Amino acid sequence: MSGAGLALALLLAGCAASTARLPEDTAADVQRDAAAVLDALHAAASRADGESYFALFAPDAVFLGTDATERWSIEEFRAYAQPYFSRGQGWTYVPTERHVVAAPGGQVAWFDERLASDKYGEVRGSGVLLRGAAGWRIAQYNLALPVPNELAADLVARIRTR
């Protein structure tokens, strides 16, 4: 093998080693583990436990809130939420239905969940989880207010007049 060929082989071997995957889980394992993270997220929010809540997010996570302007880095979202949590004021969303799908390789999963809230009624959470050395972490969470189709045109008209 030439010097260039050996260098290429070593480079490719190094790349392969740096992208080694964790052992694959079965779909049921991924669903169980992802659900546990989401359940822990909702429980921490309900207890106003900011430390536990934000520990479940990836460092570069994004939180999309119900308002169209709410696209927060996790640090921006922490700055918004921490004053509430520090006063013991959290929020409670109770899952009523959840779907989790794992990507091939078992390192990425996406989810959608229907949630019940005293304040907002039925809401929907969706997003992406990533699995790394620290376990599953939320990379993106999107909280949305589903609007019944028969009310959508009226609501859109009201929003446009604001």
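Out of the stretch 70-143, which GluC sites (Glu not before Pro) are coil in DSSP terms and have no more than 14 other C-beta atoms within 10 Å? Hits after loop and neighbour filter: 70.
For the stretch 67-116, the fraction of C-alpha pairs farther apart than 14 angstrom is 71 percent.
Note on the stretch 25-160: percent of Cα-Cα distances in each 5 Å bin, starting at 0 and stopping at the bin with the largest distance, equals 2, 10, 18, 22, 20, 13, 9, 5, 1, 0.
Throughout, read-outs are computed from the coordinates displayed, never taken from laboratory work. Since this is a predicted model, take the numbers as computed values, not measurements. As a convention, Cβ positions derive from the backbone with ideal geometry for all residues, glycine included, and neighbour counts pool all protein chains shown.
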